[in-house]
Amino acid sequence: MTTPAHVAIIMDGNGRWAKARGLPRVAGHRAGVEALRQTVRAAGEMGINWLTVYAFSSENWSRPKSEVSDLMGLLKLFIRRDLAELHRNGVRVRVIGERENLAPDIRALLEEAEDLTRSNRSLNLVIAFNYGSRDEIARAARNMAMAVKSGQIDADSITAESFAGFLDTAGIPDPDLIIRTSGELRLSNFLLWQAAYAELVFLPCYWPDFGRADLAEALRSFASRERRFGGVIASDIAL
Ligand code: FPP
């Protein structure tokens, strides 16, 4: 069975999971962090090299202040509590998204996680935090324009590959498989450039209920797909 090298997940449905149980939304996010822990473990065991998770989008700031602060708190807790274990297990943490406008303590924690785990090689965990594709692409375009202006690069030489080098995901392979839980059928500003040839799997379960079996199901679905990357498969050329 072909295992995708890079799996990216839109962890959706925490709020609905909590509502269905008569719990506050933050309880859903807490349960979501637990599902994330299990998924990181399972992904490593299943031979996935890269796992990207959408933890906070640039649009999530429009949620009530208390929920934004709950999500910030959970990120801090996740890094403080889990960083040592992630490091012990050889996980390399990388963070994508806009950082300049984050609170200094959050930025410091994100940098600490990246610095500590920089030479780890077992699983790459990419946390998309304060991330939105359009923002990422606009920042990349701005930085590339500055490089042109200062004479570092020539505008005529710009290619899709060289542009990708200005994205937050520079050096990270494109996702092979994107999973979204909770039954919603959209990408919500997640990895729009990078998803060009990704296979998409939408699962009905809410994120806190996502487990090893769901990941295995998504991998099976991936393995059954025929990926052509805009070309044709060899056996069809002869026909
Ligand atoms: C979507 O559920 C989920 C999020 C906006 C945040 C995802 C966050 C976690 C899994 C926990 C935080 C993890 C870290 C590392 C910070 P939703 O709230 O949109 O659910 P709903 O659509 O049912 O309301």
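Computed from the coordinates by the stated procedures, all read-outs in this text should not be read as laboratory data. Note that the structure is predicted; figures quoted are calculated from it, not measured. In this analysis, Cβ positions are derived from the backbone assuming ideal geometry, glycine residues included, and neighbour counts consider all displayed protein chains.
Based on the Cβ-Cβ distance from Ser122 to Ser150, what FRET efficiency comes out when R0 is 30 Å, to the nearest 0.05?
Details: r = 39 Å, r/R0 = 1.29.
For Ser122 and Ser150, the calculated efficiency is 0.15.
Can you tell which of Trp61, Trp207, Trp193 shows the greatest fluctuation in a Gaussian network model of the chain with Cα springs below 10 Å?
Ranking Trp61, Trp207, Trp193 by mean-square fluctuation puts Trp61 first.
Gap in Å between the Cα centre of region 128-147 and the Cα centre of region 3-45?
Using only Cα atoms, the two centres lie 27 Å from each other.
In percent, how large is the relative contact order of region 1-50, given Cα pairs closer than 8 Å and 6 or more residues apart? Mind dumping the intermediate values first?
Details: 33 pairs, mean separation 22.9, N = 50.
Relative contact order of region 1-50: 46 percent.
How much length is gained on full extension from Ser162 to Leu192, taking 0.36 nm per residue of separation minus their Cα-Cα distance?
Working: separation 30, 0.36 × 30 = 10.80 nm, distance 1.68 nm.
Going from the current span to full extension adds 9.1 nm.
Using a Cα-Cα cut-off of under 26 Å, which lysines could be cross-linked to Lys19, ignoring same-chain neighbours fewer than 8 residues away?
List returned: Lys65, Lys76.
Post the alpha-carbon centroid distance, region 159-223 to region 56-81, in whole angstrom.
21 Å
Using Stokes-Einstein with the Kirkwood hydrodynamic radius over Cα pairs, what translational diffusion coefficient do you get for the chain at 25 °C and a viscosity of 0.890 mPa s, in µm²/s rounded to a whole number? Walk me through the intermediate numbers first.
Values: Rh = 19.0 Å.
After rounding, the answer is 129 µm²/s.
Taking amide H positions as placed 1.01 Å from N in the peptide plane, with prolines and chain starts having none, which residues 5 or more places from Arg94, or on another chain, fall under 5 Å of its amide H?
Those lying under 5 Å, H to H, from Arg94 are Leu125, Val126, Ile127.
Just Ser122, Ser62, Ser182 to compare: in a GNM of the chain, with alpha carbon springs under 10 Å, which one fluctuates most?
Evaluated over the chain, the most mobile residue of the options is Ser62.
Would you mind counting up the charge near Arg63? Only other residues with Cβ under 10 Å from its Cβ, with Lys and Arg at +1 and Asp and Glu at -1.
Working: positive: Arg25, Lys65; negative: Glu59, Glu67, Asp70.
Local charge sum for Arg63: -1.
Excluding Arg228 itself, calculate the net charge of residues whose Cβ lies under 12 Å from the Cβ of Arg228, where each Lys or Arg counts +1 and each Asp or Glu counts -1. Intermediate values should be presented prior to the final figure.
Details: positive: Arg225, Arg227; negative: Glu199, Glu226, Asp236.
Result for the neighbourhood of Arg228: -1.
For region 35-120, what Kirkwood radius comes out of the mean inverse Cα-Cα distance, in Å?
Working: mean 1/r = 0.0716 Å⁻¹.
Value: 14.0 Å, from the Cα pair sum.
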